[in-house]
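Report on one structure; see the data block that follows.
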Amino acid sequence: MKLLLLIAGGAIGTTARYMVSGWAHRFTDGTFPTGTLAVNLIGSLLIGLLWGFFETLNISSNTRTFIFIGILGSFTTFSSFSLETLNLFREGEIKLAVINIFANNIFGIALAVIGFVMAKGMINLIK
């Protein structure tokens, strides 16, 4: 059952990644990997937000697997981030490469924390 949930979640996350990444690239000249940054930051916010809710709610292991590994695991991408950063360095775009590293890591972690705190705040409002 978990394997089917992973496959279904992966299909959803991959499709969403393709759509969001393509949308984000429309607003740039293509030099900076905006699409990958967008999916990584959105995914970071979502995983923090959902973890904040799931920590309080009784969510099944299968549902967690479907959402966190299936959907969000295929939506975000560390391998593309790594390759795009390497290519920026190879092309002499040192400043953009460093910005990409910091933006994905620092902002990603910050958004996960923000999402978690938001979820806890919303739960406290409901109680």
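A few comments on the model shown:
- The requirement of being over 8 Å from the mean Cα position of the chain (by Cα), at pLDDT 95 or above and hydroxyl-bearing (Ser, Thr, Tyr) is fulfilled nowhere in region 38-60; no residue meets it.
- Residue count for region 32-64, restricted to those that are more than 18 Å from residue 112 (Cα to Cα) and either part of a helix (DSSP H, G or I) or of a type in the set (S, T, N, Q) (or both): 7
- Residue count, region 91-112 (criterion: in a helix (DSSP H, G or I) and under 16 Å from residue 30 (Cβ atoms)): 4
The values are calculated or read from the model by the stated rules, or taken from the named source; none is laboratory data. Quantities reported herein were computed from a predicted structural model and do not represent experimental measurements. Every residue, glycine as well, gets a Cβ built from its backbone with ideal geometry; the counts of neighbours run over all protein chains shown.
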